[in-house]
Amino acid sequence: MSQPKILLLGPPGAGKGTQSSNLVDAFGVEHVTTGDALRSNKDMDISDLGLEYETPGEYMDRGELVPDEVVNAIVEQALTSADGFVLDGYPRNLDQAEELESMTDLDVIVSLSVSEAELVDRLTGRRVCEECGENYHVEFDQPAEEGVCDECGSELIQREDDQEDAVRNRLDVFAQNTEPVIEYYADRDAFVEIDGEQSLDAVWADLEAAVEDTV
Ligand code: ADP
Ligand code: ADP
Ligand code: ZN
């Protein structure tokens, strides 16, 4: 049996990164995440594209979307080398959703729904490992030792765009650009909506069951 091709949709802070780690462990799929890929290329010179800013980081720190041509190329390259995958953070607008159609098919499309007030609490309390990308929360998902990654022992940091102003902007960008993407997929057979506001374990139980149904 080939590995599942999973798309995880949801607003910033819904738990996509956290649950992607569980999917990697349980199903052996590859985690394809545009957020991490862009963070490791924050200072790449994209000035020759003639866009508003000269690096991906300048868009990201403001909570704005990095232009499609940069992001599409990253995803296309990552997907061609993956058998099964969990795709997290893409597509974030309808043009990217159309682009994805030409790259791969999908076995299961999961939308994690969470209310805005909860998203703000989650994002402002999020701490991340810059080394391996694991996500934690100062209250809801603490590492064994404060400030240290359980997975790799590196230091945890707060992302620049998890400060309150950038968080508000990202939630607006989500409502404008990415909510239509969820509607775009909503009537497919492969589409499943999961209540992302449950506990970490309850969300995982629902997600694992949804993926198991497809393999
Ligand atoms: P996303 O990748 O969708 O932006 P993350 O997985 O990074 O979201 O989760 C955002 C923050 O919320 C992290 O600090 C994470 O530890 C925390 N979190 C994730 N899922 C839950 C949950 N079900 N309950 C409480 N906190 C959660
Ligand atoms: P979150 O954890 O909030 O869901 P990500 O780590 O997925 O955030 O993304 C961080 C930032 O990277 C976004 O605010 C955006 O600037 C950029 N980014 C990530 N994915 C995309 C994408 N598919 N299209 C455009 N920009 C993206
Ligand atoms: Zn780590």
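The values are calculated or read from the model by the stated rules, or taken from the named source; none is laboratory data. Computed from a predicted structure; not experimentally measured. Cβ atoms come from the backbone with ideal geometry, glycine included; neighbour counts cover every protein chain shown.
Pairs meeting the criteria (first residue in region 104-116 and part of a loop (DSSP other than H, G, I, E, B), second residue among the hydroxyl-bearing types (Ser, Thr, Tyr), beta carbons under 7 Å, at least 6 apart or on different chains) are ASP107/THR214.
Select from region 189-215 the residues that are in contact (Cβ under 8 Å) with a residue 60 or more places away in the chain and either under 17 Å from LEU123 (Cβ atoms) or among the acidic types (Asp, Glu) (or both) and write down the one among them that is farthest from ligand 2 (Cβ to nearest atom). Residue satisfying both the conditions and the ranking: ASP213.
VAL24 - would you say it is hydrophobic (A, V, I, L, M, F, W, C), in contact with a helix residue (DSSP H, G or I) (Cβ under 9 Å, 6 or more places away or on another chain) and modelled with pLDDT of 95 or more? Spell out how you get there, then give the answer.
On the way: hydrophobic (A, V, I, L, M, F, W, C): yes; in contact with a helix residue (DSSP H, G or I) (Cβ under 9 Å, 6 or more places away or on another chain): no; modelled with pLDDT of 95 or more: yes.
No; evaluated as a whole, the condition is false for this residue.
Given the criterion at pLDDT 95 or above, surrounded by fewer than 22 Cβ atoms within 10 Å (Cβ to Cβ), over 12 Å from the mean Cα position of the chain (by Cα) and acidic (Asp, Glu), identify the matching residue among ASP83, ASP107, ASP61. Steps first, answer last, please.
Details: ASP83 fails: at pLDDT 95 or above; ASP61 fails: at pLDDT 95 or above.
None of the others qualify; the one that does is ASP107.
State whether the residues of region 28-50 include one that is out of contact with any His (no Cβ under 6 Å at 6 or more places or on another chain) and closer than 15 Å to GLU208 by Cα. Within region 28-50, one or more residues are out of contact with any His (no Cβ under 6 Å at 6 or more places or on another chain) and closer than 15 Å to GLU208 by Cα. Within region 118-133, the residues that satisfy the criterion of being more than 9 Å from ligand 1 (Cβ to nearest atom) and either at pLDDT below 95 or buried (at least 17 other Cβ atoms within 10 Å of the Cβ) (or both) are CYS129, GLU130, GLU131, CYS132, GLY133.
Take region 3-29 and flag every residue that is of a type in the set (D, E, K, R) and within 16 Å of ligand 3 (Cβ to nearest atom). Result: ASP25, single match. From the list ALA97, ALA144, ALA78, the lone residue that is at pLDDT 95 or above, within 15 Å of the chain's Cα centre (by Cα) and farther than 19 Å from ALA14 by Cα is ALA97. GLU101 falls short on exactly one of the conditions (1) in contact (Cβ under 8 Å) with a residue 24 or more places away in the chain; (2) more than 16 Å from ligand 1 (Cβ to nearest atom); (3) within 21 Å of TYR184 (Cβ to Cβ), and that condition is (1).
Looking at region 134-149, which of the residues that are assigned to a loop (DSSP other than H, G, I, E, B) and out of contact with any Cys (no Cβ under 9 Å at 6 or more places or on another chain) is farthest from ligand 1 (Cβ to nearest atom)? Ranking the candidates gives GLU145 first. Just one residue in the set GLU145, GLU101, GLU130, GLU76 is within 16 Å of ligand 3 (Cβ to nearest atom), over 25 Å from ASP165 (Cα atoms) and either touching a strand residue (DSSP E or B) at 6+ places or on another chain (Cβ under 9 Å) or not β-branched (Val, Ile, Thr) (or both); that residue is GLU145. Restricting attention to region 160-188, the residues that are free of Cβ contacts under 8 Å to residues at least 40 places away in the same chain and part of a loop (DSSP other than H, G, I, E, B) add up to 2. CYS152 fulfils the conditions (1) modelled with pLDDT of 95 or more; (2) within 12 Å of ligand 1 (Cβ to nearest atom); (3) in a loop (DSSP other than H, G, I, E, B) except for a single criterion, (2).
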